[in-house]
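Beneath this line is the structure, given in structure tokens, with notes to follow.
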Amino acid sequence: MDRKFTSLRQQLATCYPEREAHAVALRVLEDAFGVSRTDVYADKVRKFSSEEEQRWQHIANRLCAGEPLQYVLGEAEFCGRSFGVAPGVLIPRPETEELVALVGRAVSGRCRILDAGTGSGCIAVSLALALPEAEVQAWDVSPEALSVARSNAERWGTAVDFRLCDMLTAVPDEHFDVVVSNPPYVCERERLAMTPQVLDHEPALALFVPDDDPLRFYRALAALACRCLNPGGLLAVEINEAYGVETAALFSHSGLVEVQTVSDVFGKPRFVVGKRAKN
Ligand code: GLN
């Protein structure tokens, strides 16, 4: 194993478990320094310049202070593409890729899609790329998130219509064929089970709901769907696995039909879908 790599890995092993330190060191070398894995394994990591040494040190310090790797690199993988991320937006999670796939299977051709609470824009941009004839609109309440999302749309050459808009209060006059959302759904009491990496660095605004009102965003989304979906249109949301039954009941009581809870690859109830009745 390359000596340079070994010393970088050792430094990270002071704050990461051994295996993770290895994977993180490989990733940083590749993403931030353009050093391939092949070079690492072939003992061919170039000598770092003093600027590169400093940059490495800066990165290692941030990582050892508990900052998530994606924020440090400024990039996160989602649906096979790299998205820019910054501390003001939630780091895209793998389960959310399944939400994109679910919507992608349900619609085709010309249609209008709304992504409510877009964050980094990963859902909106991925859907716009998967459905080139679709018109995609995306809302967020955070100007900081919208600017990250806009640059991601630009990076991938998609035309998403971004709007500064709060799904809890918005009363739009437009119609859509799909409303999709991964809203905040983690209860405050669940903080206890979460890592400092998430709690200290990711935006609470994108994560948490009050313990006494865990479905507040789903109530707003159901109302939005009943108002804005075209007849037969689809509402598809990611949920807290603890509230599958309650979210589905809320959607049915709001008047949506064909309501279903869908499990993620780990077998956990993770999505709820429903449709606006045809007439
Ligand atoms: N799945 C995310 C997490 O576990 C939460 C995403 C959300 O609140 N929408 O941290």
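Any residue in the stretch 104-117 that's part of a loop (DSSP other than H, G, I, E, B): show its pairings with residues that are within 16 Å of the ligand (Cβ to nearest atom) at Cβ separation under 7 Å, as long as the two are six or more apart or on different chains.
From the stretch 104-117, the pairs are Gly117/Trp139; Gly117/Asp140; Gly117/Met167; Gly117/Ser181; Gly117/Asn182; Gly117/Pro183.
Out of the residues in the stretch 139-188 that are farther than 18 Å from Ala204 by Cα and β-branched (Val, Ile, Thr), state the one that is nearest to the chain's Cα centre (by Cα).
Applying the filter and picking the extreme gives Val180.
Across the stretch 173-186, which residue is nearest to Leu99 (Cα to Cα) among those that are open to solvent by less than 10 Å² (accessible area, probe 1.4 Å) and more than 10 Å from the ligand (Cβ to nearest atom)?
Checking each candidate, the answer is Val180.
Here's a check for you: in the stretch 3-31, which residue that is open to solvent by less than 50 Å² (accessible area, probe 1.4 Å) and in contact with a Lys or Arg (Cβ under 7 Å, 6 or more places away or on another chain) is farthest from Gly66 (Cα to Cα)?
So, considering only residues that are open to solvent by less than 50 Å² (accessible area, probe 1.4 Å) and in contact with a Lys or Arg (Cβ under 7 Å, 6 or more places away or on another chain), the one farthest from Gly66 (Cα to Cα) is Leu26.
Looking at Pro94, Pro87, can you tell me which residue is within 16 Å of the ligand (Cβ to nearest atom) and at pLDDT below 95?
Pro87
Out of Leu250, Leu215, which single residue is open to solvent by 10 Å² or more (accessible area, probe 1.4 Å), within 16 Å of the ligand (Cβ to nearest atom), of a type outside the set (Lys, Arg) and touching a helix residue (DSSP H, G or I) at 6+ places or on another chain (Cβ under 8 Å)?
Only one candidate qualifies: Leu215.
Which one is nearest to the chain's Cα centre (by Cα) among residues in the stretch 189-212 that are open to solvent by 20 Å² or more (accessible area, probe 1.4 Å) and of a type in the set (Val, Ile, Thr)?
Among residues in the stretch 189-212 that are open to solvent by 20 Å² or more (accessible area, probe 1.4 Å) and of a type in the set (Val, Ile, Thr), the one nearest to the chain's Cα centre (by Cα) is Val198.
Residues Ala138, Ala159: which one is within 21 Å of Glu238 (Cα to Cα) and either more than 14 Å from the ligand (Cβ to nearest atom) or touching a residue at least 12 places away in the same chain (Cβ under 8 Å) (or both)?
Ala138
Of all the residues that make up the stretch 221-247, how many are open to solvent by less than 20 Å² (accessible area, probe 1.4 Å) and either small (Gly, Ala, Ser) or free of Cβ contacts under 8 Å to residues at least 40 places away in the same chain (or both)?
6
The values are calculated or read from the model by the stated rules, or taken from the named source; none is laboratory data. Note that this is a predicted model, so its numbers are computed, not measured. FYI the Cβ positions are ideal-geometry reconstructions off the backbone, even for glycines, and counts take in every protein chain you see. Side chains are part of the model used for accessible areas, which takes the heavy atoms of the whole protein and leaves out ligands, DNA and RNA. Shrake-Rupley method; radii C 1.70, N 1.55, O 1.52, S 1.80 Å.
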